[in-house]
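Nothing in this text is a laboratory measurement; each read-out follows from the coordinates by a stated rule. Since we're looking at a predicted model, the values are computed, not measured.
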Amino acid sequence: MTMLRKVIALAFAAGIGSTNLTFADEMTPEKLADARTKVETAVALANIAKADKDGEAMLVAARMLAEAGPVAEQGTKVTDGKPTLMDAGKMAIMAKEMGADAKKADAVASTATSAGETSRDGYWYYSCDSYNNCQWIYAGY
């Protein structure tokens, strides 16, 4: 392993140091990056859909978040060491209220519930360092 690869591997390990080891073992760096991108995109899309009152966009965001796993709501307080999580099922219901296809919204809501958004031992949260470099990080409980 070249020195550059060792430094990159160390930096990556430091960035996910608090990650649940079971989750980390199941995820390759490529899959972890893909999941992080899905979370980033879904949260951004949910914010846009909420502002524009776009039910179809909210439905897509809810589906993506249901697949990505638990995501902490930005700006909420942590209680007893656990954050307030975004609820993909509620987002699907909100999408239906905004005019999205009712059958699709119900399917996403049931998927979110059956997938057990809180069944993992961790969650995604948004963090920024002192240089204002921000990213979504998966952390274990």
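Across segment 64-79, computed HN-Hα scalar couplings (Karplus, 6.51 cos²θ - 1.76 cosθ + 1.60, θ = phi - 60°) run 5, 5, 4, 6, 6, x, x, 10, 6, 6, 6, x, 9, 7, 8, 10 Hz from first to last residue, x flagging Gly and Pro.
Once the convex hull of all Cα atoms in segment 51-134 is built, its volume per residue stands at 110 Å³.
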